[in-house]
Each structure stands twice: as structure tokens, then as C-alpha cells.
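Before any comments, here is the structure.
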Amino acid sequence: TPPLLAAEGLRKSYGRTVALDGVSLAVAAGEVVAVMGPSGAGKSTLLHCLAGITRPDAGRVRYQGREMGTMSDAERTVLRRTRFGFVFQFGQLVPELTCLENVALPLRMEKVRRHEAERRATEWLDRLEVTGVSGKRPGEVSGGQAQRVAVARALVTAPQVIFADEPTGALDSLGGERVMRLLTGAARDTGAAVVLVTHEPRVAGYSDREIVVRDGRTPSPAKGTSSAEHL
Ligand code: ADP
Ligand code: ADP
């Protein structure tokens, strides 16, 4: 079976800055992959290319065998909304909405009725151990709680891939570990793959496989199998 998500020869420059210089990788269904490397290495750019947010200058991204570059903007948008979930470091919750409304929002955008959307959102808040924050706004809860609400929101649509960019970056180590445990546990239970960008080895420790990006490249790992072999 082909990998769920596969990138081949990705290149991307911003002016004279080469962010990605020929990256290939594959992510299998249900796999948790950590993308590691120093600041400025190209990790976020890689995540954005894989998620169909940024168009690479060269190379291809295939989702379930379909090349994203051949899809229309509308198709890519639907793909992102229905198959992908996103968790970022900060600021992804809508401050004017309650935590419950934030988690229900992706379902409301898919025209799920309010009652059903809120029922499913409540289940996810329970699962992420933040039931108590339902009626509060993001500004009224702790950073760790807000991040667990963000994870609930990323999972509520039952995505096949969760893209997480430094999801624990704003948390202390205990809060970060809790978010990672809940995120990877929920992903395993639902069969979602996770593409996790982090520079923290402890966070990467929750993954099945680590990929190191340096200067826009993925040097071949010294041991084990190269991700390119799955292509
Ligand atoms: P990382 O996530 O590993 O820190 P990034 O992918 O964010 O790395 O950035 C890789 C390189 O590309 C850096 O030199 C960064 O400054 C540059 N870069 C990333 N995004 C942009 C952008 N939108 N405009 C200009 N330069 C960018
Ligand atoms: P930026 O580089 O500033 O992020 P882009 O030039 O990448 O902006 O423009 C983003 C556009 O590229 C969006 O319309 C997006 O849907 C599209 N896009 C994202 N990923 C891909 C892909 N893998 N192949 C082709 N187009 C893509």
C-alpha cells in the first residue's frame, strides 16, 4: 500500500533563503513522525508544504497517492478541513468564543448542527481532560489547558493526519508531556498519523520515528531505514 502522505524532492526558497533543498519523506497511516532540527532548518516550511498550505517551488506532495499540486485551491481547502488537523504553538483558538465553541467550530464549518457539534466537542474536551473549561474563553484558562483545547479542536473532525508545529513550545515540561501523551494517545486510538515539528528531544520521544532536517535537507539516518525507502 502507498504511504498516506509522501513528499518527493521538495524545494522552497524565500528570496535568496533556501528553506528546503530537496526533501523526501513518507508518512504511513497511523504513524507518529517527529521532524527535528535546529531553528531555521526548514521544519515549519516542510510541515506547511506537506499540509498543502505552502506550494513548494519544486517537488511533489501526494496524499493517498493524489498529487496536491494538481488539486484546485478549493480541493486543497476541503482536504485540509476534513482530513487534516492542526496544532500550533500559540494563538490558534478564537478568543471571542468559549473553549467548547472553539472545539465545535471545525464541525460547524462542515455544517454539522450545533447540538451535534457541541456533543462531539464535549466528548473531546473530556478525553483531553479539560471538561471544566467548556464555558470559558481561551484567555481565562491556563496555557496547558488552552493547548489541550487546541488538540481537541484538531481531532474533532477525525482527521487522518495531525500536523503539530511545536505544540508544547509555550508550556513547561510537565504540561508539555501531558499534551504529548494525550495527543499521541488520541491519535493512536483514532488511527490518525501525526507529523510533529519540535526541537525538544523529550517531545520527539513520543514519536515512532524521528527525521532530522538541517539546512533544508534530511541527511540519511545513520541507522535504521531511510524514509525514502517507503516511497
Ligand atoms: P524552522 O521551522 O526549522 O525553524 P523554517 O521553515 O521556519 O525553519 O524556516 C527556514 C528558513 O526559511 C529560515 O531561514 C526562515 O527565516 C526562512 N523563512 C521561512 N518562512 C519564510 C517566509 N515566509 N519568508 C521569508 N523567509 C522565510
Ligand atoms: P507562501 O510560499 O507564501 O506560503 P505559496 O506561494 O505557497 O505561498 O501559495 C500558497 C498556495 O499554494 C495556496 O493556494 C495553496 O493551496 C497552494 N499549495 C499548497 N501546497 C501545495 C502543493 N503541495 N502543491 C501545489 N500547490 C500547493
Applying the Karplus parametrisation 6.51 cos²θ - 1.76 cosθ + 1.60 with θ = phi - 60° to the phi angles of segment 100-112, what ³J(HN,Hα) value in whole Hz is obtained for each residue in order, glycine and proline being reported as x?
-> 4, 5, 4, 6, 6, 4, x, 6, 4, 5, 8, 6, 6
Mean residue ellipticity (222 nm) of the chain, computed from DSSP H runs ≥ 4 via -39,500 (n - 2.57), nearest 500 | -10500 deg cm²/dmol
Just how far, in whole angstrom, is segment 33-65 from segment 83-142 if you go by their alpha carbon centroids?
-> 26
Report the label-to-label distance for Thr122 and Lys136 in nanometres (one decimal), using points 7 Å from each Cα along the Cα→Cβ vector.
-> 1.9
With the charge dipole of the chain built from beta-carbon charges (+1 for Lys and Arg, -1 for Asp and Glu) about the Cα centre, the Cα from Gly59, Ser24, Phe86 projecting farthest to the positive end belongs to Gly59
Lys pairs, the chain - Cα-Cα below 29 angstrom, 8 or more residues apart or on other chains | 4
So what is the relative contact order for segment 83-231, in percent, with contacts set as C-alpha pairs under 8 Å and at least six apart?
-> 26
Filtering trypsin sites (Lys or Arg not before Pro) in segment 115-170 by DSSP loop and by at most 16 other Cβ atoms within 10 Å leaves Lys136
Diffing segment 185-197: the Karplus 3J(HN,Hα) column from phi (6.51, -1.76, 1.60, θ = phi - 60°), in whole Hz with x for Gly and Pro, holds x, 5, 4, 4, 5, 9, x, 6, 7, 10, 10, 10, 9
Determine the dipole magnitude for the chain: charges of +1 sit on the beta-carbon of Lys and Arg, -1 on that of Asp and Glu, nothing else is charged, the reference point is the Cα centre, and the result goes in debye to the nearest 20.
-> 360
In terms of modelled amide H atoms, which long-range or inter-chain residues lie less than 5 Å from the amide H of Val87?
-> Phe163, Ala164, Asp165
Along its principal axes, what span do the Cα atoms of segment 74-219 show, with the longest given first and each in whole Å?
-> 49, 37, 26
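Read-outs throughout are calculated quantities, based only on the coordinates presented, and are distinct from any laboratory measurement. Remember, predicted model here, so these are calculated numbers, not experimental data. Cβ: placed from backbone, ideal geometry, glycine included. Neighbour counts: every protein chain shown.
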